[in-house]
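Following: one structure in structure tokens, then a few remarks.
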Amino acid sequence: MVDEQLKNINEKLQKVLRKLTKLQKENDRLNIEHRSLKQSNLEKTEMIEKLDVKINILQASKVEMLPEEKTQFEKRITGYIKQIDQYISMLSK
């Protein structure tokens with residue numbers, strides 16, 4: 001009877017230890033992923049700040065553009081905005 005209970009307790013303990021090991025590995029993986037996402041977020045934030053500065057400089061130096069140049073400029077800005085939106089959506093996942 002006592003031997004059976006000890007065996008039962010030992011089996012449960014082994015099961016808990018396996019689960020603990022599995023959870024520790026998962027925690028380590030998530031910590032690595034978190035650090036990676038945090039670094040990526042920092043890089044994207046820096047990129048956004050640089051793009052904001054460029055936009056401000058361009059707005060401050062408003063010069064009359066030819067219609068073709070203006071169209072190309074607007075396409076480029078639209079592309080930047082799409083990239084920023086993609087980065088933001090990736091970071092919010």
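Key figures
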read-out	value
Charge sum, other residues only, whose C-beta stays under 13 Å from Glu74's C-beta, Lys/Arg counted +1 and Asp/Glu -1	+2
Förster radius 25 Å - calculated FRET efficiency between Leu30 and Ser89 (Cβ-Cβ, nearest 0.05)	0.75
Percent of Cα-Cα distances greater than 15 Å, calculated over the chain	76
Dipole of the chain, positive direction: furthest Cα of Val2, Ile84, Ile48, with charges on the beta-carbon	Val2
Positive dipole terminus of the chain, leading residue within Phe73, Ser36, Gln24 (C-beta point charges)	Gln24
Set of lysines with alpha-carbon distance to Lys15 below 18 Å, sequence-local pairs under 8 removed	Lys7, Lys25
Positive minus negative residues near Thr21 (Lys, Arg vs Asp, Glu; Cβ under 12 Å)	+3
Per-residue ³J(HN,Hα) for region 34-50, Karplus 6.51 cos²θ - 1.76 cosθ + 1.60, θ = phi - 60°, Hz, x for Gly and Pro	4, 4, 4, 5, 5, 5, 4, 4, 4, 4, 5, 4, 5, 5, 4, 4, 5
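Every read-out reported here was derived from the displayed coordinates using simple, explicitly stated rules and does not represent laboratory data. All figures in this text were calculated on a predicted structure; none of them were measured in a lab. Neighbour counts run over all protein chains shown; Cβ positions are idealised from the backbone, glycine included.
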